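What follows is a set of notes on a single structure, which appears directly below.
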Amino acid sequence: MTDFALKYQDGVIDFILVNGDLGMDDGLESAVLLSLLCDARVSVEELPHSEDDPGGFWGDFASEVEGDSTGSKLRLLRREKLTNETATRAKKYCEEALQWLIDDKIASDVAVTTEIINSNLLLIAIEIKRPSGRIYYKFDYIWQSQGLKV
């Protein structure tokens, strides 16, 4: 599985350039980043009271699989206080966003754990089990007064 290489650094996702060309990713890092950090479409009932945009990834309209959805619902947590309940919801949203890895038989299992490091920092750890071995990723989410910095 080859994708354009993406890098998550200092709260920003960007393309990796190699000698002026887009770098390529033969692993899963770019796919995991897009799965977690793109906004999945949500129902009106799931939206916080102050929002009316259901979001959604632009590429889903042309999906070959009906009902296929790219992204996660992590954005729903932006204005919430970081609590054990919020960490549990973040875990659930990550698991939902990465389920396609199992459905498409890219991985046999995906395990997500969340840990509150302090009142402003949530650690999200992901373990992906593939026939060739296990892959691990860690992401930190920083809660700020303006919302969630990804």
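The values are calculated or read from the model by the stated rules, or taken from the named source; none is laboratory data. If you're wondering where the values come from, they're calculated on a predicted model, not measured in any experiment. We place every Cβ from the backbone using ideal geometry, glycine too, and count neighbours over all the protein chains shown.
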- How about segment 80-122: which of its residues are over 19 Å from residue 136 (Cα atoms), of a type in the set (Lys, Arg) and exposed (fewer than 14 other Cβ atoms within 10 Å of the Cβ)? 81
- Query: What single numbered condition from (1) more than 20 Å from residue 29 (Cβ to Cβ); (2) modelled with pLDDT under 80; (3) assigned to a strand (DSSP E or B); (4) not small (Gly, Ala, Ser) fails to hold for residue 68?
  - Reply: (3)
- Message: For the list (1) part of a helix (DSSP H, G or I); (2) charged (D, E, K, R); (3) modelled with pLDDT under 95; (4) in contact with a Leu (Cβ under 7 Å, 6 or more places away or on another chain), I need the number of the one condition that residue 140 fails.
- Response: (1)
- Query: Do we have residue 127 as closer than 17 Å to residue 33 by Cα and of a type outside the set (Ser, Thr, Tyr) here?
  - Reply: yes
- Check segment 112-120 and report whether any residue there is assigned to a loop (DSSP other than H, G, I, E, B), more than 17 Å from the chain's Cα centre (by Cα) and of a type in the set (Gly, Ala, Ser). yes
- Message: Being surrounded by 12 or more Cβ atoms within 10 Å (Cβ to Cβ) and at pLDDT below 70 is true for just one of 25, 14. Which residue is that?
- Response: 25
- Take residue 93 and decide whether it is among the aromatic types (Phe, Trp, Tyr) and at pLDDT 95 or above. yes
